[in-house]
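Below you'll find the structure, written out as structure tokens, and then a few comments.
The values are calculated or read from the model by the stated rules, or taken from the named source; none is laboratory data. Note that the structure is a prediction, hence the values are computed from the model and not measured. Positions of Cβ are generated from backbone atoms using ideal geometry, with glycine treated the same way; all protein chains shown enter the neighbour counts.
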Amino acid sequence: MLEMKNIRKIYRTDSIETHALEDLTLSVGTGEFVSVTGPSGSGKTTFLNVAGLLDTFDSGTYHLDGKDVSRLSDREMSKIRNTTIGFIFQSFNLIPDLHVFDNVDVPLRYRGLPAKERRERIERALEQVGLSARRRHLPSQLSGGQQQRVAIARVLAGDPKLIFADEPTGNLDSTMTREIMDLLEGINQAGTTIVMVTHSPECADRAQRRLHVFDGRVVDIERPRVTLTRPAESRIASNLA
Amino acid sequence: MFFYHVRIALKSLRRNPVLSSLLIGGIAVGIGISTAFVTLRHMYVQDPIPGGSDRVFYVRLDSWGGQQSYMSDDPESLPDQVTYADARALLESPIPRRQTPTFVGAAFLHPATAATRPWQAEIRLTFNDLFDIFRMPFAYGGPWTEDADARAERVAVIDHDTNQKLFGGENSVGRTIRLEDAEFRVVGVLAPWRPPLRYFEMNRGATGKPEEVYLPFNLVEPMQIATRGNANNWKPIQPYSFEAMLASERVWLQYWVELAAPGDVDAYGDWIASYVEGQRSLGRFEQTTRYRLSTVPQLIEEFGLMPAGVRAMSIVALLFLLVCSLNLIGILLGKFLARASEVSVRRALGASRAQVFWQHLIECELIGLIGGGAGLLLSLGVLAVIRRHMRNGEALRLDSEMLLFAAVLSLVAGLIAGLYPAWRACRIAPAMQLKVQ
């Protein structure tokens, strides 16, 4: 699904060069749930931005879903972000003056889907995250957990092959964290590849594979763990299927 | 996608009403002032005879004698009107599609009831072609017939205001009006019509209203109607009589022709030249063979009928709009860059740079259009003020052409104000904003 070889990313100012990624090499297979951990400043978010085509890289090769992304135009990268990738952010990144329904609608609009199909997808996604009743609420009228579920619904509505989650539970309490992780596991079990950056060892443990990044390099890859299916996961997995 | 962008733009405008009002107000002031002054210029330069300005000509002949030019300080000048004899001769030309000599007179118009006092009305004597040449609109009836012209029938066309005064605005076709002691049958009533200039006779108070009553030209001899307008002669009429005046070298008639096609002007010119040569051989037309065929726009230019400064004022007003638009660039830039996080989210969710650019440009165009709408209302006020200081202010109005101009100007103003901010918005690097929102 995702294959990076010797990726380098350097931030430059007039006098300083910061090597954010240094010969980063990794590969994520289709259907995997991979967590990325590492200390602050280790390059986790830069990795996610480069992997999610939100930022460029200076050297190396990157194949996403079989395509060499280094030669894509802005339009082509936007299309991949729109159709192949889904993003979940720590700070939810909902658009404040759009209702829940319209927030979930945003990526579908850029895909140019007909109104009926968009409505069906949005309703199904909101139902999956249990927010059908809140469709006319503004983000400010929702709790943090609910806002993150809207962000997940926004991803689900687009039905991407790959999800990048950047500390998705960073702003949530433990109950909400569990809910969101349950949702992500359910989505993964339905076949979607997930790459999640997190500071939380508990969340990282719930991934099938755990990468540790330090100084812009992947320094440790833990072996896949055995995932136990819990009742909540089964429900989401069946909904997604 | 376009309507989605419009919806997003409307939401954005509602998000900060004070800022939005400031932006819209800036455009509105620019559009209001510039539309008003461009409308003023448009009044003078618009196509005076829609569809016919290049085919309608004012005829002048160099009938001036005494070995002097018409204007002593301009050897190229021609008499600005023609003699009665020349007008009669010009009528013989088969080339023009329509033609008429015409002049203005005056007569007391007596209302049918004593409720309104008689008043001295301006009357224009003309052939029926005048109404078609100048596309004069009729509310009731129409021009008199060619037979009525030929037989000098006592028929009349009256204007809208006269019909209001005499008949309360009813259809008065078939009714009679009394001019001095003669009665005339009304055959047509003009619809309200106020051209910016009185095209028939632009060398006499061009900004005045068109005349109130129109009568067949051939009544000039039986009724001995003299001109109330300008008249000049290089040879005295002695002893004076009406018949002697008609036969004299006095220039007092305007002569208009409408050719079937602009290309006919050469053939008509040849015809006139041949007439002039014939007159020279008879001892008239002492100067070299000269004549002039002028279109209405050429006459406006020649007589300097556009007030000095109108063109300059309209240019200054457009520059003012440009300054308004340029001032808004900074405000829009601040507004868009403050929304960098939203732009980043949209980019992450699949919006291309082009889509972000269009979204912001559409917002600017929406500001331009709303500002343009408000500006149009403002321009109505400005026009009302200008109108009060003009004799022909009645003709100063926002027509469909000016409304379209204002709409286009609004879009251009929105484009000028929004192009750079929209470009900057679409260049926002999404990765820098998503983490810190």
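Assorted remarks:
- For beta carbons closer than 6 Å, sequence separation of 6+ or different chains, a first residue in the range B:198-225 that is at negative phi and of a type outside the set (Ser, Thr, Tyr) and a second that is buried (at least 22 other Cβ atoms within 10 Å of the Cβ) and in a helix (DSSP H, G or I), the qualifying pairs are B:212/B:162.
- Only one entry of A:205, A:173, A:215, A:159 meets the criterion of being within 14 Å of chain B (Cβ to nearest Cβ) and of a type outside the set (S, T, N, Q), and that entry is A:159.
- Candidates in the range B:319-338 are the residues that are of a type outside the set (Phe, Trp, Tyr) and buried (at least 19 other Cβ atoms within 10 Å of the Cβ); of these, the one that is nearest to the chain's Cα centre (by Cα) is B:321.
- If the condition is being under 14 Å from residue B:347 (Cβ atoms) and either more than 8 Å from every other protein chain (Cβ to nearest Cβ) or acidic (Asp, Glu) (or both), then the range A:44-72 contributes A:53, A:55, A:56.
- Between B:293, B:253, B:259, B:197, the distinction of being surrounded by 21 or more Cβ atoms within 10 Å (Cβ to Cβ) and touching a Lys or Arg at 6+ places or on another chain (Cβ under 9 Å) belongs to B:259 only.
- With a requirement of 1 or more residues that are in contact with an Asp or Glu (Cβ under 7 Å, 6 or more places away or on another chain) and over 18 Å from residue A:44 (Cα atoms), the helices (runs of 4 or more DSSP H) lying completely within the range A:126-221 that satisfy it span A:144-158, A:174-189.
- Residues of the range B:310-362 satisfying the condition of being more than 12 Å from chain A (Cβ to nearest Cβ) and among the basic types (Lys, Arg): B:311, B:335
- Residues located in the range A:94-148, provided they are within 11 Å of chain B (Cβ to nearest Cβ), touching a helix residue (DSSP H, G or I) at 6+ places or on another chain (Cβ under 7 Å) and within 17 Å of residue A:83 (Cβ to Cβ): A:104, A:105, A:106, A:107, A:108, A:109, A:110, A:111, A:118
- Here A:92, A:87 are screened, and the one residue that is at pLDDT 90 or above and crowded, with 23+ Cβ neighbours inside 10 Å is A:87.
- Output for the range A:48-76, where each listed residue is under 16 Å from the mean Cα position of the chain (by Cα) and surrounded by 22 or more Cβ atoms within 10 Å (Cβ to Cβ): A:48, A:49, A:50, A:51, A:52, A:53, A:54, A:64
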